[in-house]
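Everything on this sheet refers to the single structure shown next.
The values are calculated or read from the model by the stated rules, or taken from the named source; none is laboratory data. Remember, it's a predicted structure, so these values are computed and weren't measured experimentally. Quick reminder, even Gly has a Cβ in these numbers, built from the backbone with ideal geometry, and neighbours come from all protein chains shown. The area values use the complete protein model at the heavy-atom level, side chains included, leaving out ligands, DNA and RNA. Shrake-Rupley method; radii C 1.70, N 1.55, O 1.52, S 1.80 Å.
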Amino acid sequence: MSSSRTRTSAQSPGFSSSEFRQALGMFATGVTIVTARAANGQMVGLTANSFNSVSLSPPLVLWSLSQAANSMEAFRTGSHYAINILAADQHDLAVRFATRGVDRFADVALSEGVCGAPILSGCVATFECFNRSRYVEGDHVIFVGEVEHCAHRNGISPLLYHGGQFYTEHPL
(Lines give C-alpha, C1' and ligand atoms only; values in the text may rest on other atoms or scores of the structure.)
Protein backbone atom coordinates (compact mmCIF):
# COMPACT_ATOMS: atom_id res chain seq x y z
CA MET A 1 0.00 0.00 0.00
CA SER A 2 1.40 3.39 -0.95
CA SER A 3 1.97 6.16 1.54
CA SER A 4 -0.09 9.35 1.27
CA ARG A 5 3.24 11.18 0.97
CA THR A 6 4.11 9.44 -2.30
CA ARG A 7 0.74 9.42 -4.09
CA THR A 8 0.24 11.89 -6.91
CA SER A 9 -3.56 11.85 -6.95
CA ALA A 10 -6.49 11.35 -4.59
CA GLN A 11 -8.14 7.99 -4.11
CA SER A 12 -11.64 7.53 -5.49
CA PRO A 13 -14.20 8.60 -2.90
CA GLY A 14 -15.93 5.93 -0.88
CA PHE A 15 -19.11 8.00 -0.55
CA SER A 16 -21.91 9.32 -2.76
CA SER A 17 -22.46 12.91 -3.89
CA SER A 18 -25.47 13.00 -1.58
CA GLU A 19 -23.38 11.93 1.42
CA PHE A 20 -20.75 14.52 0.53
CA ARG A 21 -23.38 17.29 0.26
CA GLN A 22 -24.86 16.29 3.64
CA ALA A 23 -21.44 16.33 5.30
CA LEU A 24 -20.65 19.75 3.80
CA GLY A 25 -23.97 21.01 5.17
CA MET A 26 -22.70 20.42 8.70
CA PHE A 27 -20.39 23.42 8.31
CA ALA A 28 -22.39 26.47 9.38
CA THR A 29 -21.90 29.43 7.06
CA GLY A 30 -23.17 32.90 6.49
CA VAL A 31 -25.42 33.52 3.50
CA THR A 32 -24.59 35.89 0.67
CA ILE A 33 -26.19 37.11 -2.51
CA VAL A 34 -23.64 37.78 -5.24
CA THR A 35 -24.79 40.40 -7.75
CA ALA A 36 -23.48 41.86 -10.99
CA ARG A 37 -24.56 43.49 -14.22
CA ALA A 38 -24.38 41.46 -17.41
CA ALA A 39 -22.87 43.01 -20.54
CA ASN A 40 -26.40 43.96 -21.67
CA GLY A 41 -27.02 45.84 -18.39
CA GLN A 42 -29.33 43.21 -16.91
CA MET A 43 -28.90 42.58 -13.19
CA VAL A 44 -27.92 39.04 -12.19
CA GLY A 45 -27.71 37.58 -8.72
CA LEU A 46 -27.67 34.33 -6.79
CA THR A 47 -27.59 33.01 -3.26
CA ALA A 48 -24.22 31.58 -2.26
CA ASN A 49 -22.72 30.33 0.97
CA SER A 50 -19.32 29.56 -0.57
CA PHE A 51 -17.76 32.85 0.54
CA ASN A 52 -14.43 33.25 2.31
CA SER A 53 -11.69 35.78 2.97
CA VAL A 54 -8.36 35.19 1.22
CA SER A 55 -6.02 38.08 2.02
CA LEU A 56 -5.95 41.37 3.91
CA SER A 57 -3.26 42.91 1.72
CA PRO A 58 -4.36 43.12 -0.97
CA PRO A 59 -7.97 42.70 0.22
CA LEU A 60 -9.16 39.50 -1.47
CA VAL A 61 -12.26 37.31 -1.06
CA LEU A 62 -13.47 34.21 -2.89
CA TRP A 63 -16.72 32.46 -3.73
CA SER A 64 -17.64 29.65 -6.12
CA LEU A 65 -20.31 29.05 -8.74
CA SER A 66 -21.44 25.90 -10.54
CA GLN A 67 -20.22 25.80 -14.13
CA ALA A 68 -23.81 24.95 -15.11
CA ALA A 69 -25.26 28.14 -13.56
CA ASN A 70 -27.31 30.32 -15.91
CA SER A 71 -25.45 33.40 -14.66
CA MET A 72 -21.98 31.95 -15.28
CA GLU A 73 -21.35 34.01 -18.43
CA ALA A 74 -22.13 37.29 -16.69
CA PHE A 75 -19.80 36.53 -13.79
CA ARG A 76 -17.08 34.99 -15.97
CA THR A 77 -16.85 37.97 -18.34
CA GLY A 78 -17.84 40.87 -16.08
CA SER A 79 -15.25 43.12 -14.50
CA HIS A 80 -17.05 43.62 -11.16
CA TYR A 81 -19.52 42.02 -8.78
CA ALA A 82 -20.81 42.62 -5.27
CA ILE A 83 -21.07 40.18 -2.40
CA ASN A 84 -23.95 41.06 -0.09
CA ILE A 85 -23.85 39.33 3.32
CA LEU A 86 -27.44 38.86 4.41
CA ALA A 87 -28.97 39.90 7.72
CA ALA A 88 -31.17 37.49 9.68
CA ASP A 89 -34.32 39.27 8.49
CA GLN A 90 -33.40 38.68 4.81
CA HIS A 91 -34.31 34.97 4.72
CA ASP A 92 -36.92 35.61 1.99
CA LEU A 93 -34.26 37.20 -0.24
CA ALA A 94 -31.98 34.18 0.22
CA VAL A 95 -34.77 31.87 -0.91
CA ARG A 96 -35.79 34.09 -3.83
CA PHE A 97 -32.24 34.39 -5.19
CA ALA A 98 -31.87 30.59 -4.96
CA THR A 99 -35.09 29.99 -6.94
CA ARG A 100 -35.06 29.54 -10.70
CA GLY A 101 -37.62 31.13 -13.00
CA VAL A 102 -38.50 34.13 -10.81
CA ASP A 103 -37.68 37.82 -11.14
CA ARG A 104 -35.11 37.89 -8.37
CA PHE A 105 -34.85 41.68 -8.30
CA ALA A 106 -38.60 42.50 -8.33
CA ASP A 107 -39.36 45.05 -5.58
CA VAL A 108 -35.92 44.57 -3.98
CA ALA A 109 -34.51 47.68 -2.33
CA LEU A 110 -31.06 48.29 -3.80
CA SER A 111 -28.60 50.87 -4.97
CA GLU A 112 -25.98 50.83 -7.66
CA GLY A 113 -22.49 50.23 -6.37
CA VAL A 114 -19.51 52.33 -7.36
CA CYS A 115 -18.64 49.89 -10.16
CA GLY A 116 -22.23 49.19 -11.26
CA ALA A 117 -23.06 46.00 -9.36
CA PRO A 118 -26.36 46.05 -7.43
CA ILE A 119 -25.96 46.56 -3.67
CA LEU A 120 -28.86 45.12 -1.67
CA SER A 121 -30.25 47.30 1.11
CA GLY A 122 -30.28 46.05 4.69
CA CYS A 123 -27.33 43.68 4.47
CA VAL A 124 -24.86 43.08 7.30
CA ALA A 125 -21.94 43.85 4.98
CA THR A 126 -21.17 44.39 1.31
CA PHE A 127 -18.01 43.90 -0.72
CA GLU A 128 -17.65 45.47 -4.16
CA CYS A 129 -15.05 43.45 -6.03
CA PHE A 130 -12.94 43.62 -9.14
CA ASN A 131 -13.16 40.18 -10.81
CA ARG A 132 -9.45 39.46 -10.32
CA SER A 133 -9.17 35.76 -11.19
CA ARG A 134 -11.10 32.56 -11.82
CA TYR A 135 -10.10 28.94 -11.31
CA VAL A 136 -11.99 25.97 -12.72
CA GLU A 137 -12.03 23.16 -10.15
CA GLY A 138 -14.31 20.17 -10.60
CA ASP A 139 -17.85 21.27 -11.46
CA HIS A 140 -17.38 24.81 -10.08
CA VAL A 141 -15.45 27.99 -10.84
CA ILE A 142 -13.74 29.71 -7.92
CA PHE A 143 -13.88 33.50 -8.25
CA VAL A 144 -11.29 35.62 -6.45
CA GLY A 145 -12.35 39.23 -6.05
CA GLU A 146 -10.17 42.17 -5.13
CA VAL A 147 -12.28 44.30 -2.82
CA GLU A 148 -12.45 47.92 -3.97
CA HIS A 149 -15.18 49.07 -1.55
CA CYS A 150 -16.74 47.55 1.55
CA ALA A 151 -19.26 48.56 4.18
CA HIS A 152 -20.83 46.96 7.23
CA ARG A 153 -23.45 47.58 9.90
CA ASN A 154 -22.63 46.84 13.53
CA GLY A 155 -25.11 45.10 15.83
CA ILE A 156 -27.08 43.36 13.07
CA SER A 157 -27.53 39.57 13.28
CA PRO A 158 -26.43 37.67 10.16
CA LEU A 159 -28.41 34.98 8.38
CA LEU A 160 -26.78 31.57 8.86
CA TYR A 161 -27.13 28.26 7.02
CA HIS A 162 -26.55 24.81 8.51
CA GLY A 163 -27.81 21.34 7.67
CA GLY A 164 -30.16 22.60 4.95
CA GLN A 165 -31.87 25.15 7.22
CA PHE A 166 -31.56 28.87 7.90
CA TYR A 167 -30.70 30.18 11.37
CA THR A 168 -29.84 33.36 13.13
CA GLU A 169 -27.07 33.78 15.64
CA HIS A 170 -27.46 33.40 19.38
CA PRO A 171 -24.49 34.63 21.40
CA LEU A 172 -23.03 32.10 23.82
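Quick notes on this structure:
- Estimated from helices alone, the mean residue ellipticity of the chain at 222 nm is -3000 deg cm²/dmol (sum of -39500 (n - 2.57) over DSSP H runs with n ≥ 4, per residue).
- Rel. contact order, % - alpha carbon contacts under 8 angstrom, at least six apart, the range 103-172: 22
- Selected from Pro118, Pro59, Pro13 as most flexible by GNM, with the chain as the system and alpha-carbon contacts under 10 Å: Pro13
- Where trypsin sites (Lys or Arg not before Pro) in DSSP loops with at most 13 other Cβ within 10 Å are excluded, longest remaining stretch of the chain: 8-99
- Cα-based Kirkwood hydrodynamic radius, the chain, one decimal, Å: 17.3
- Total formal charge among the other residues, if their Cβ is under 12 angstrom from that of Ala82, Lys/Arg +1 and Asp/Glu -1: -2
- Accessible surface computed residue by residue for the range 1-140, with neighbouring protein chains in place and a 1.4 Å probe, gives 61 Å² per residue.
- With Rh defined as the Kirkwood radius, the inverse of the mean 1/r over Cα pairs, the Rg/Rh of the range 103-172 is 1.02.
- Here the range 1-100 is assigned +1 on the Cβ of each Lys and Arg and -1 on the Cβ of each Asp and Glu. Its dipole about the Cα centre then comes out at about 300 debye.
- Simple Cβ-charge dipole of the range 122-172, Lys/Arg +1 and Asp/Glu -1, about Cα centre, in debye nearest 20: 100
- For the range 156-172, 3J(HN,Hα) per residue [Karplus equation, 6.51 cos²θ - 1.76 cosθ + 1.60, θ = phi - 60°, Hz, x = Gly/Pro]: 9, 6, x, 7, 10, 9, 7, x, x, 10, 8, 9, 10, 6, 9, x, 7
- Simple Cβ-charge dipole of the chain, Lys/Arg +1 and Asp/Glu -1, about Cα centre, in debye nearest 20: 460
- The range 23-35 - phi-based ³J(HN,Hα) in whole Hz, Karplus 6.51/-1.76/1.60, Gly and Pro as x: 5, 4, x, 7, 8, 5, 9, x, 10, 10, 10, 9, 10
- On the range 1-138, 52 percent of the accessible area sits on carbon and sulfur atoms, based on a 1.4 Å probe.
- The HN-Hα couplings worked out from phi for the range 114-123 by the Karplus form 6.51 cos²θ - 1.76 cosθ + 1.60 (θ = phi - 60°) are 3, 9, x, 6, x, 10, 7, 6, x, 6 Hz, whole numbers, x standing for Gly and Pro.
- Radius of gyration and Dmax over the Cα atoms of the range 29-75, both given in Å: 12.0, 33
- The GluC sites (Glu not before Pro) of the range 79-172 that meet both conditions, a loop assignment by DSSP and at most 13 other Cβ atoms within 10 Å of the site Cβ, are Glu169.
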